[in-house]
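Rule-based calculations on the coordinates, nothing more; no lab input. Quick caveat, the model's predicted, so the values are computed rather than measured. Cβ: placed from backbone, ideal geometry, glycine included. Neighbour counts: every protein chain shown.
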Amino acid sequence: MGKVEDERAFFSEGWIEPPKAALKKAAAAEETPHYHGHRDRLRERFATGGPDALPDYELLELLLFRLIPRVDTKPIAKALIARFGSLAEVLGAPPSLLEEVKGIGPTVAVDLKVIAATAQRMARGEVRGREVLSNWTQLLDYCRSAMAFETREQFRILFLDKKNGLIADEVQQTGTVDHTPVYPREVVKRALELSASAVILVHNHPSGDPTPSRADIEMTKQIIDTAKPLGIAVHDHIIIGRKGNASMKGLLLI
């Protein structure tokens, strides 16, 4: 028994209690999720390199950090990109489809749509009140953010004043996945109500292919014929799709 008691005494006397600060640090390390360091590194890369330094899924991660604070959002961001194809398509997706991705509930789906709406407002602010024809790239960016990922066709009209400044931007009709009813007289009537001197017609193709159809071309010519006698010019008809956009004027179709 003497030997056992000596060993107990040795270990008892040799034990040095760690400082309380070290114990707290060790406990905090065990409680801190592994992805916190990743979040800090990602924020630093964004701060130093800007948005172009990050691929779509990492930008989406940055958004999800705030929306889902206590979860590793990297797998969720990758799943969203895999499902919809790009960050723009994620933000353009309807909430019902977003919620089909594991980790996305109703609240987060709505938050993503709020972010999308904010981006659209910013893009619209770039063209409102400016000479639209000299800011064509900004105009296309706005139309694309507003319409490219809609699941149904929308017919939008940009009403312009004598200096080609944007007076109003209105969605006149919303149709099905491949058709929107458009009435030339209604287009011209609204232009007269707003005292517009010109219009730019815009609609989307949910199929993704922006190639104008025969019906698109015929409808555009009807609007031109109706508007011209009243002194209203149709500058262009732009078709927006996920794969790009097409200008009827650029294609010499009008």
Next on the checklist: In whole Hz and in residue order, list the ³J(HN,Hα) couplings for segment 84-96 that follow from phi through the Karplus curve 6.51 cos²θ - 1.76 cosθ + 1.60, θ = phi - 60°; x for Gly and Pro.
Outcome noted: 10, x, 7, 4, 4, 6, 5, 5, x, 6, x, x, 4
Item to check | Residues whose placed amide H lies under 5 Å from that of Asp236, excluding near-sequence neighbours | outcome: Leu201
Checklist outcome for this item: Proxy exposure order for Thr151, Thr48, Thr73, Thr226 (fewest C-beta within 10 Å first) is Thr48, Thr151, Thr226, Thr73
Checklist outcome for this item: Scaled by the rule-of-thumb 2.2 N^0.38 Å, the alpha carbon Rg for segment 130-247 gives a ratio of 0.98
Checklist entry - Once amide H atoms are placed 1.01 Å from N in the peptide plane, what residues at a sequence separation of 5 or more from Arg156, or on another chain, have their amide H within under 5 Å of its amide H? => result Gln172, Val202, His203
Checklist outcome for this item: Cα-based Rg and Dmax for segment 31-120, in Å, come out at 12.7, 40
Checklist outcome for this item: Here segment 160-165 yields Karplus 3J(HN,Hα) values (6.51, -1.76, 1.60; θ = phi - 60°; whole Hz; Gly and Pro given as x) of 10, 8, 5, 9, 6, x
Item to check | Contact order relative to length of segment 130-247, as percent, for alpha carbon pairs under 8 angstrom and 6 or more apart | outcome: 28 percent
Checklist entry - Which value, in debye to the nearest 20, gives the size of the charge dipole of segment 130-247 about its Cα centre, when Lys and Arg are +1 and Asp and Glu are -1 at the Cβ? => result 140 debye
Checklist outcome for this item: Under the Karplus relation with 6.51, -1.76 and 1.60 and θ = phi - 60°, whole-Hz ³J(HN,Hα) for segment 182-199, x at Gly and Pro, equal 10, 10, x, 5, 5, 4, 5, 4, 5, 4, 5, 4, 8, 6, 7, 9, 7, 9
Checklist outcome for this item: Listed by chain and number, the residues whose amide H is under 5 Å from that of Ile167, excluding neighbours fewer than 5 places away on the same chain and using placed H, are Phe159, Leu160, Asp161
Item to check | Relative contact order computed over segment 31-120 (Cα-Cα under 8 Å; 6+ residues apart), in percent | outcome: 21 percent
Checklist entry - Pairs Lys78/Lys102; Lys162/Lys221; Lys221/Lys249; Lys228/Lys249; Lys189/Lys228: which are spaced more than 18 Å apart, C-alpha to C-alpha? => result Lys162/Lys221
Checklist entry - When DSSP beta bridges are limited to those with both residues in segment 130-247, what percentage is antiparallel, rounded to the nearest 5? => result 70 percent
